[in-house]
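> Here it is: the structure, laid out below.
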Amino acid sequence: MGLTGSAKCCKILMVVFNVIIFFGGIAALAGGIWAVVDSSSITDLTNGQLNFSKSAGYVLLIGGVAIMLVAFLGCCGAWKEISCMLIVYFIIMVIMFIMLLAAVIVVAAFRPEIENVIRNELADGLQGNYGKTNTTTGSGVTTAWDDFQKSFTCCGVDDYKIYRNTTFVMSQTGPPPPIKYVPESCCVTNDAGTVANLQMCQSPPPNLPPNPSAPSGANNTFLYTKGCYTKARDTLLGYGWVVLGIAIAVGIVLFGGMCASMCIVCGKRDGE
């Protein structure tokens, strides 16, 4: 006897639901391939010490394949009403649910430590390599930081002061000419996309930052004074509700998959 009532509804929902998940796995796989191929800029920011982009890419690759296999398992198990496949699907859903919960707890518990590691690695990569354009590593770090600072309209890791300990500043012999305390990528641009005032940004008078003689609290309107780590973190935290929503949605999906698979198994047994 075939499935009836709620079990039949669960079967239809399982099939439709897992087809959608299958395409989600394809999207994750594609995203992983892109992240692995295009990870050089993130790697250069930390001189290869924190390769988040490539690591995340491999996670997406593995996750995408796993999602596709699990979706196929659930779809086939529901359509053919194969109890053993549905039970395996249920077990996998339980494991994934526990892993999701554990990941959320770990990130929440160790967030300060994670942030410190990221900040320190960014600072080490910048201080140790920015301005060394005569080396492949230094050139890569310099280009990556310039692009990052222009994109996020920021300067340095926590602020512009970090550049005082880089080859970019320490290799200069001025004055004269006036020392450039920050790179051009730290300078505010106008509507046309060009630097508003390069001289005032890089080599201002003693009363304005980034000049080391500037008094505390002084402001230079031609300089990006906010650090890139802070700017990037604030940008990501701005999407906090989106991330939370996705995590909740994934949790609901996993829980729903567990319930639906057991609904079909129990309905099949009752029908027998």
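The values are calculated or read from the model by the stated rules, or taken from the named source; none is laboratory data. Predicted, not measured: the structure shown is a model, and the values here were computed from it. We place every Cβ from the backbone using ideal geometry, glycine too, and count neighbours over all the protein chains shown. Ligands, DNA and RNA are stripped out before the accessible areas are found, and what is left, the full protein with its side chains, is counted by its heavy atoms. Shrake-Rupley method; radii C 1.70, N 1.55, O 1.52, S 1.80 Å.
> I'd like to verify a number: residues in region 74-88 that are open to solvent by less than 80 Å² (accessible area, probe 1.4 Å) and in contact (Cβ under 8 Å) with a residue 12 or more places away in the chain, how many? Write out each step before concluding.
Of all residues in region 74-88, those open to solvent by less than 80 Å² (accessible area, probe 1.4 Å) come to 74-78, 81-83, 85-88.
After this cut, where a residue has to be in contact (Cβ under 8 Å) with a residue 12 or more places away in the chain as well, the list is 74-75, 77-78, 81, 83, 85-88.
Matching residues across region 74-88 total 10.
> Could you say whether any residue in region 101-120 is among the β-branched types (V, I, T), more than 19 Å from the chain's Cα centre (by Cα) and either at pLDDT below 90 or in a helix (DSSP H, G or I) (or both)? Don't jump to the end; show me each part of the working.
Our first condition is that a residue be among the β-branched types (V, I, T); within region 101-120, this holds for 104-107, 114, 117-118.
Now drop any that are not more than 19 Å from the chain's Cα centre (by Cα), which leaves none.
Within region 101-120, not a single residue is among the β-branched types (V, I, T), more than 19 Å from the chain's Cα centre (by Cα) and either at pLDDT below 90 or in a helix (DSSP H, G or I) (or both).
> Quick one: in region 149-177, which of the residues that are among the aromatic types (F, W, Y) and under 13 Å from K226 (Cβ atoms) is modelled with the highest pLDDT? I'd like the intermediate steps shown before the answer.
Step one: filter region 149-177 for residues among the aromatic types (F, W, Y), giving 152, 160, 163, 168.
Filter once more, so that each one left must be under 13 Å from K226 (Cβ atoms): 152, 160.
Values: F152: 91, Y160: 94.
Filtering region 149-177 for residues that are among the aromatic types (F, W, Y) and under 13 Å from K226 (Cβ atoms), the one modelled with the highest pLDDT comes out as Y160.
> Residues in region 195-212: is at least one modelled with pLDDT under 90, out of contact with any Phe, Trp or Tyr (no Cβ under 6 Å at 6 or more places or on another chain) and open to solvent by 80 Å² or more (accessible area, probe 1.4 Å)?
no
> Need the failing condition index for F168 against (1) open to solvent by less than 60 Å² (accessible area, probe 1.4 Å); (2) part of a helix (DSSP H, G or I); (3) under 22 Å from L122 (Cα atoms); (4) out of contact with any Lys or Arg (no Cβ under 9 Å at 6 or more places or on another chain), just the number.
(4)
> Say we look at region 89-116 and pick out the residues that are open to solvent by less than 90 Å² (accessible area, probe 1.4 Å) and aromatic (F, W, Y); which of these is farthest from L73 (Cα to Cα)?
Only one residue fits best here, namely F97.
> On to the next question. In the list V59, V94, V16, V88, which residue meets the criterion of being part of a helix (DSSP H, G or I), over 30 Å from G138 (Cα atoms), modelled with pLDDT under 85 and not polar (S, T, N, Q)? Can you show your working first?
Numbers: V59 fails: over 30 Å from G138 (Cα atoms); V94 fails: modelled with pLDDT under 85; V88 fails: modelled with pLDDT under 85.
None of the others qualify; the one that does is V16.
> Let me ask something else about it. With the requirement that a residue be part of a helix (DSSP H, G or I), polar (S, T, N, Q) and surrounded by fewer than 18 Cβ atoms within 10 Å (Cβ to Cβ), what does region 128-149 give you? Steps first, please.
Kept after step one, since they are part of a helix (DSSP H, G or I), are these residues of region 128-149: 128-129, 136-149.
In the following step, the residues that additionally are polar (S, T, N, Q) were identified as 129, 136-137, 139, 142-143, 149.
Answer for region 128-149, where residues must be part of a helix (DSSP H, G or I), polar (S, T, N, Q) and surrounded by fewer than 18 Cβ atoms within 10 Å (Cβ to Cβ): T136, T137, S139, T143.
> How many residues does region 220-258 contain that are open to solvent by 40 Å² or more (accessible area, probe 1.4 Å), assigned to a helix (DSSP H, G or I) and free of Cβ contacts under 8 Å to residues at least 60 places away in the same chain?
Start the filter on region 220-258 by keeping residues that are open to solvent by 40 Å² or more (accessible area, probe 1.4 Å), which leaves 221-222, 225-226, 231, 233-239, 241-244, 246, 248-250, 252-253, 255.
Checking which are assigned to a helix (DSSP H, G or I) leaves us with 231, 233-237, 241-244, 246, 248-250, 252-253, 255.
Cutting the leftovers down to free of Cβ contacts under 8 Å to residues at least 60 places away in the same chain gives us 234, 236-237, 241-244, 246, 248-249, 252.
Adding up the residues that qualify gives 11.
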